[in-house]
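The values are calculated or read from the model by the stated rules, or taken from the named source; none is laboratory data. These figures come from a predicted structure and were not determined experimentally. Using ideal geometry, Cβ is built from the backbone for each residue, glycine included, and neighbour counts are taken over all protein chains shown.
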Amino acid sequence: MKSPVLRHLASSLALVALGPSLAHAQQAPAAGQAVPSLSPVLVSGQSPMQALDPSPQQAQAALRAVPGGTNLIQPQQEVRLVTLRDALDYQPGVVVQEFFGGLDQPRLNIRGSGIQSNPLSRGILLMQDGLPLNDADGSFIISMLEPRNAGLITVRRGANALSPGASTLGGEVDFLSLTGTQNDMIRLGGGSFGSRSMTLSKGFEDDRLDGRFSFGYDKSDGYRHHSASERSSFQGNLGFRRGSFENRTYLSYTDLKFDIPQPVPKARMYDDPRAVLGDGNTPQDLSNNVYKRDPHRDSSQFRIANRSHWGDDTLNQTVGLYWQRTDDDFTNPQVANVTDGDTYGLTWRLAGKAGSVDYRVALDWQRSDMDREFYAIRPADGRRLQRFGAYALKAENRSAQVGADWHLTEQFSLVGDLKYTQAVRDARERNSGKTLDQDWNYATPRLGLVWQPAATQRWYANVSRSNEAPTFWEIVNGEVPAPMNPASAVASMSKLDLQRALTYEIGGDGSLDVAGRDLRWSVSLYRSRVDDELMSVSNANGTPAGTYNYRGRTRHQGIEAGIGGSLPAPGDGLLDYRIAYTFSDFRFRGGEFAGKRIAGVPRHLLSAEIMYRKGGWRVGPNLRWLMSDTETNHANAPGTQQQAYALLGFKVAYEHDAHWSAYLQADNLTDKTYASSYAIRNSATAAMPIFLPGNGRAFSAGLTYRF
């Protein structure tokens, strides 16, 4: 005879198998993720500057007006917060595929947008405090994001993105900084594979002025050979408020370094997941010796931004401007890509109310000026040889947006937006004088409906267009066709078309009463018909081999769903649970690979966590389950699939009082050997270096003191 608690838990878990009943906990954090003793500390640090520094309630209210899939994340409530995966796990529709398990460049996938880029560098608009972090060509270095300094993360999937410059299939992800005295702390951490971290943050605030700075340092020796990483970051912001006027200035600097262990063949991965090419004496080891060629990435970015807001709900305006300088040395086993660039941006938004209509108008301008050089790598020692390409690159975007929410009744709202963009991508090879100037003009419309039959329930539907211009990672190419002959190095430029898609989406979210407590749920179902999808593939050695528009229609469709809440537990405790499920069915509908699955995205992915909470203690297991094999090449060649796997973990967190807390976390408890990611190709064989092994069994611990 099952206990009531087990019956309630079983009924909750059964919702996962029912598909449409699934949902996610992003509209509010899973109950119990913040221990009551800490809540007063977090609330007391809430800045009064609500327009530029929204509270979770304000952010949630804004997301509920969106007629499509969204996520609201409070990363400071996570037990461990070091990597992007820590912040974005358990979020339906947001897929993070780690590369080397350290501080490197994970793949962030939303609805398959940009997953084909190599390295991941496009498909989603990353934002920092409401302003783009991407360069003007749409590219980004994802590890420049600092989740430990984020109080909130909002995700608007697909065409639900609100920024006038966001028009891709993936949507936008906005990291909103902590301000004032929120989370004043010293945090120390360490663990397996020589990982160690330190965070120091301090702030001040009064009625009109507040400020905060944060410094973070991380270093890891890495699980695999040649996979060490190191990251230093500084972020600060200063805010001022007088009456209805608010202004905030942001300053940040990030320095990132990591070694690249490169993919290995499947058989070698299972024989020794720590090994790299160069540990043996095969022809592959000799031609791609990682130790000698020394692939790595060294990047730094300085950024300064400012935002001002004035007015009220009836009529308000927001102006933002920013400048960022990025220096990037990305060296693969055959080519060093060295890029220096400056990006400038300016955005203006006006919003107001007129009767039953909420309206908005926005303008956005971005420009990047970059210098990119290609150097051949000598196989014997990784020394840079001849420069075989030197490019002057200019990207510019001019975007305008008009939109309105027409509240037909108290329950029904009709939502419409129209964005118009002029995108410029000009490239010139300095030595030869060859140029390739490309520009596109496109409209990105969206029409949606929101129905809220009750305060705890919302349903929506929308139809939208998306457009994505290629980045310079796709347009400008450097390759060494003969791996042992650097003299074969060649640079080229690719003329590419826009990637365009028409997307239909339906879904909903809300809460149900289970055992006297709220079970929060949401589910989104979408289908996108994509034309001229941008495909970036790797060569036989696992290094980039160019990008092309697929000449045939492709289809992206899926389900993004999850649940979260709390249940009564023995001993007067609570069971906090959250489950996220993402189903991705991406296929070629015509062309060369008609009927095949598009490589690069897990078909079924489930992550779940259950934590027993009592007093200051939280204890419980977690699961990340890749439920089916994943194609790594578009031909779906046999024997080349990423095999399904399940990773078990366990967390223990203790909060002694409002000041002291500690955690212990175990990952991959069964020491499962698995591929965390892979090189995407048109076709492949099992003997090729395809897979990036994930971390083995690992333990980490941390101690925090809050002022």
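Summed over segment 666-707, the residues that are part of a strand (DSSP E or B), of a type in the set (Lys, Arg) and either over 30 Å from Lys202 (Cβ atoms) or within 24 Å of the chain's Cα centre (by Cα) (or both) give a count of 1. Can you tell me which residue within segment 290-329, out of those that are buried (at least 21 other Cβ atoms within 10 Å of the Cβ) and closer than 30 Å to Val264 by Cβ, is nearest to the chain's Cα centre (by Cα)? In this case the residue turns out to be Arg297. Looking only at segment 575-620, residues that are out of contact with any Phe, Trp or Tyr (no Cβ under 6 Å at 6 or more places or on another chain) and of a type in the set (Val, Ile, Thr) come to 2 in all. Within the option set Asn462, Asn441, Asn467, Asn485, being more than 23 Å from Arg398 (Cβ to Cβ) and out of contact with any Gly (no Cβ under 6 Å at 6 or more places or on another chain) holds for one residue only, Asn485.
Among the residues in segment 643-663, are any surrounded by fewer than 15 Cβ atoms within 10 Å (Cβ to Cβ), touching a strand residue (DSSP E or B) at 6+ places or on another chain (Cβ under 6 Å) and outside any strand (DSSP E or B)? For segment 643-663, residues surrounded by fewer than 15 Cβ atoms within 10 Å (Cβ to Cβ), touching a strand residue (DSSP E or B) at 6+ places or on another chain (Cβ under 6 Å) and outside any strand (DSSP E or B): present. The residues of segment 390-433 that are within 30 Å of Thr331 (Cβ to Cβ), in contact (Cβ under 8 Å) with a residue 40 or more places away in the chain and not in a strand (DSSP E or B), listed by number, are Arg430, Asn431. Scanning segment 400-433 for residues that are farther than 21 Å from Ala362 by Cβ and β-branched (Val, Ile, Thr) yields one hit, Thr409. The number of residues in segment 602-628 that are outside any strand (DSSP E or B) and in contact with a Lys or Arg (Cβ under 8 Å, 6 or more places away or on another chain) comes to 3.
Residues that are surrounded by fewer than 20 Cβ atoms within 10 Å (Cβ to Cβ), among the small types (Gly, Ala, Ser), more than 13 Å from Asp358 (Cβ to Cβ) and within 28 Å of the chain's Cα centre (by Cα) within segment 392-423 comprise just one, Ala400.
Among residues that are among the polar types (S, T, N, Q) and without any contact (Cβ under 8 Å) to a residue 60 or more places away in the chain, Ser300 is included.
Screening Glu474 with (1) in contact with a Ser or Thr (Cβ under 8 Å, 6 or more places away or on another chain); (2) among the acidic types (Asp, Glu); (3) assigned to a strand (DSSP E or B) gives one miss only, at (3). Within the span defined as segment 172-179, one or more residues are crowded, with 23+ Cβ neighbours inside 10 Å, charged (D, E, K, R) and in a strand (DSSP E or B). Residues being β-branched (Val, Ile, Thr) and either farther than 30 Å from Pro92 by Cα or in a loop (DSSP other than H, G, I, E, B) (or both) are represented in segment 487-501 by at least one member. Within segment 606-622, residues that are more than 14 Å from Pro568 (Cα to Cα) reach partners that are of a type in the set (D, E, K, R) and modelled with pLDDT under 95 with beta carbons closer than 7 Å, at six or more positions or on different chains, in the pairs Ser607/Asp89. Give segment 538-547 a look and list any residue that's modelled with pLDDT of 65 or more and either crowded, with 17+ Cβ neighbours inside 10 Å or not in a strand (DSSP E or B) (or both), or say none. Those that are modelled with pLDDT of 65 or more and either crowded, with 17+ Cβ neighbours inside 10 Å or not in a strand (DSSP E or B) (or both): Ser538, Asn539, Ala540, Thr543, Pro544, Ala545, Thr547. Checking each residue in segment 109-131 for being over 18 Å from Ser466 (Cα atoms), out of contact with any Phe, Trp or Tyr (no Cβ under 7 Å at 6 or more places or on another chain) and touching a residue at least 60 places away in the same chain (Cβ under 8 Å) picks out Asn118, Pro119, Gly130. With respect to the conditions (1) within 30 Å of Val335 (Cα to Cα); (2) touching a residue at least 40 places away in the same chain (Cβ under 8 Å); (3) hydroxyl-bearing (Ser, Thr, Tyr), Ser464 lacks only one, and its number is (1). Is it true that some residue in segment 112-128 is under 21 Å from Arg349 (Cβ atoms), touching a strand residue (DSSP E or B) at 6+ places or on another chain (Cβ under 8 Å), modelled with pLDDT of 95 or more and not hydrophobic (A, V, I, L, M, F, W, C)? Yes - at least one qualifying residue is present in segment 112-128. State whether the residues of segment 131-145 include one that is surrounded by fewer than 24 Cβ atoms within 10 Å (Cβ to Cβ), small (Gly, Ala, Ser) and not in a loop (DSSP other than H, G, I, E, B). Yes - at least one qualifying residue is present in segment 131-145. Checked against (1) closer than 18 Å to Gly191 by Cα; (2) surrounded by fewer than 21 Cβ atoms within 10 Å (Cβ to Cβ); (3) not charged (D, E, K, R), Gly101 passes all but a single condition, namely (2).
Within segment 146-161, the presence of a residue that is within 10 Å of the chain's Cα centre (by Cα), of a type in the set (D, E, K, R) and in a strand (DSSP E or B) is excluded.
Considering only segment 589-628, state which residues are of a type in the set (D, E, K, R) and under 19 Å from His556 (Cβ atoms).
Hits for segment 589-628 are Arg589, Glu592, Lys596, Arg597, Arg603.
Selection of segment 217-253 for residues being touching a Phe, Trp or Tyr at 6+ places or on another chain (Cβ under 8 Å), among the small types (Gly, Ala, Ser) and outside any loop (DSSP other than H, G, I, E, B) yields Ser220, Ser229, Ser232, Ser233, Gly236, Ser252.
Given the criterion surrounded by fewer than 24 Cβ atoms within 10 Å (Cβ to Cβ) and either over 28 Å from Tyr359 (Cα atoms) or under 13 Å from the mean Cα position of the chain (by Cα) (or both), identify the matching residue among Leu108, Leu63, Leu72, Leu125.
Criteria check complete, one pass: Leu125.
From the residues in segment 243-278 that are surrounded by fewer than 20 Cβ atoms within 10 Å (Cβ to Cβ) and among the polar types (S, T, N, Q), which one is farthest from Ser308 (Cα to Cα)? Across segment 243-278, the extreme among qualifying residues is Ser244. Of the residues making up segment 190-216, those that are in contact with a Phe, Trp or Tyr (Cβ under 8 Å, 6 or more places away or on another chain) and not in a strand (DSSP E or B) are Ser192, Phe193, Arg208. Out of the residues in segment 565-615 meeting the condition of being small (Gly, Ala, Ser) and under 25 Å from Ser676 (Cβ atoms), tell me which one is modelled with the lowest pLDDT. Among those that are small (Gly, Ala, Ser) and under 25 Å from Ser676 (Cβ atoms), it is Gly600.
Examine segment 668-688 for a residue that is among the aromatic types (Phe, Trp, Tyr) and surrounded by fewer than 15 Cβ atoms within 10 Å (Cβ to Cβ), and state whether such a residue exists.
No: segment 668-688 contains no residue that is among the aromatic types (Phe, Trp, Tyr) and surrounded by fewer than 15 Cβ atoms within 10 Å (Cβ to Cβ).
If I filter segment 263-276 down to residues being part of a loop (DSSP other than H, G, I, E, B) and closer than 17 Å to Thr685 by Cα, which single residue comes out as nearest to the chain's Cα centre (by Cα)? Selected residue: Pro263.
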